[in-house]
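Student: Provided herewith is a single structure, encoded as structure tokens, for subsequent inquiry.
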Amino acid sequence: MDKFFSRITLKRTILFLIVPFFLIQLYRPNKNDKDSVMSDDFLEISNAPEDIKLLIKNSCYDCHSNYTNYEWYDNISPISWWVDKTVAKGKVAINFSEWKNTDPQKRLSFLSASVFDIKTDRMPTERYIKLHPLAKLSIEEKENIIMWIDDINRFDPYYGINEH
Ligand code: HEC
């Protein structure tokens, strides 16, 4: 009899855990894969050298653009909620997909802050690098990005953009 009950309890417990797990998979309010206009994107309009663009795309775009390259496990709730929340916060700091319409002052202060964040390994975040080792910037790559940022003409209100 005891055995019978414990089997039922086990089944119920499993159901109790598994059903909500499947149900929460249906809730994904902020997935970051919206359509956006490529002609506003940093990659499209910036006069940065191609290798710099590629580094920024590989190391920053998952959290600072409209296109996150999700890993399979990023799509499992509740992990996905946490990932999407981080991306939303990153996009408030800067959204490279909206580079064109971003206030020049904001672009400038973001890039200046990036120098510090890249030097001190604040960005890309440590946790992200652990899961995405390919996004890690080598010392030389860091220097290249920082050199590009340092060379920007700060008095040009359209700096960092090809067409005025
Ligand atoms: C894993 C997601 C993620 C990646 C990848 C990432 N960032 Fe961020 N970034 C954030 C978040 C979230 C914020 C918002 C502030 C915070 O929480 O620290 C942020 C804020 C910033 C800021 C604002 C100032 C500050 O320090 O708070 C700068 C500058 C920045 N990121 C630069 C970069 C650069 C440059 C890269 C690529 C080399 C990059 N980030 C890659 C998530 C990310």
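The values are calculated or read from the model by the stated rules, or taken from the named source; none is laboratory data. Values in this document were obtained by computation on a predicted structure and should not be read as measured data. Ideal geometry is used to build each Cβ from the backbone, glycine not excepted, and the neighbour counts take in all protein chains shown.
Student: Look at residue 114 and say whether it is within 14 Å of residue 33 (Cβ to Cβ) and crowded, with 20+ Cβ neighbours inside 10 Å.
Tutor: No.
Student: How many residues does segment 67-80 contain that are part of a helix (DSSP H, G or I), touching a residue at least 24 places away in the same chain (Cβ under 8 Å) and of a type in the set (A, V, I, L, M, F, W, C)?
Tutor: Final tally of qualifying residues: 0.
Student: Now for a separate question. Does segment 47-66 include one or more residues that are among the β-branched types (Val, Ile, Thr), in contact (Cβ under 8 Å) with a residue 12 or more places away in the chain and within 16 Å of the ligand (Cβ to nearest atom)?
Tutor: Taking every residue of segment 47-66 in turn, at least one turns out to be among the β-branched types (Val, Ile, Thr), in contact (Cβ under 8 Å) with a residue 12 or more places away in the chain and within 16 Å of the ligand (Cβ to nearest atom).
Student: For segment 74-107, which residues satisfy the criterion of being hydrophobic (A, V, I, L, M, F, W, C), surrounded by fewer than 18 Cβ atoms within 10 Å (Cβ to Cβ) and more than 9 Å from the ligand (Cβ to nearest atom)?
Tutor: If the condition is that a residue be hydrophobic (A, V, I, L, M, F, W, C), surrounded by fewer than 18 Cβ atoms within 10 Å (Cβ to Cβ) and more than 9 Å from the ligand (Cβ to nearest atom), then 76, 79, 81, 82 are the ones that fit.
Student: OK, next. I'd like to check something: does segment 114-123 contain any residue that is acidic (Asp, Glu), farther than 27 Å from residue 21 by Cα and within 8 Å of the ligand (Cβ to nearest atom)?
Tutor: Yes, the conditions are met somewhere in segment 114-123.
Student: Tell me which helices (runs of 4 or more DSSP H) are completely within segment 1-66 and hold 1 or more residues being of a type in the set (D, E, K, R) and within 15 Å of residue 102 (Cβ to Cβ), or say none if there are none.
Tutor: The helices (runs of 4 or more DSSP H) meeting that bar are 42-45.
Student: Within segment 137-151, track down each residue that is surrounded by fewer than 16 Cβ atoms within 10 Å (Cβ to Cβ) and not in a helix (DSSP H, G or I).
Tutor: 138, 151
Student: Here is a follow-up. Please state which of the following conditions residue 133 fails to meet, knowing it meets all the rest: (1) at pLDDT 95 or above; (2) over 19 Å from the mean Cα position of the chain (by Cα); (3) more than 12 Å from the ligand (Cβ to nearest atom).
Tutor: For residue 133, the failing item is (2).
Student: Regarding residue 138, is this residue touching a residue at least 24 places away in the same chain (Cβ under 8 Å) and either more than 12 Å from the ligand (Cβ to nearest atom) or not β-branched (Val, Ile, Thr) (or both)?
Tutor: So residue 138 does not fit the description; no.
Student: Which of the residues that make up segment 136-156 are out of contact with any helix residue (DSSP H, G or I) (no Cβ under 8 Å at 6 or more places or on another chain) and of a type outside the set (D, E, K, R)?
Tutor: Once the filter is applied, which keeps residues that are out of contact with any helix residue (DSSP H, G or I) (no Cβ under 8 Å at 6 or more places or on another chain) and of a type outside the set (D, E, K, R), segment 136-156 yields 138, 139, 147, 153, 155.
Student: What are the pairs, 6+ residues apart or on separate chains, where a residue within segment 107-125 that is β-branched (Val, Ile, Thr) has its Cβ under 9 Å from a residue that is at pLDDT below 95?
Tutor: Partner pairs satisfying both residue conditions: 115/149; 115/150; 118/149.
Student: Look at segment 31-73 and say how many of its residues are surrounded by fewer than 20 Cβ atoms within 10 Å (Cβ to Cβ) and among the β-branched types (Val, Ile, Thr).
Tutor: Counting residues in segment 31-73 that are surrounded by fewer than 20 Cβ atoms within 10 Å (Cβ to Cβ) and among the β-branched types (Val, Ile, Thr) gives 3.
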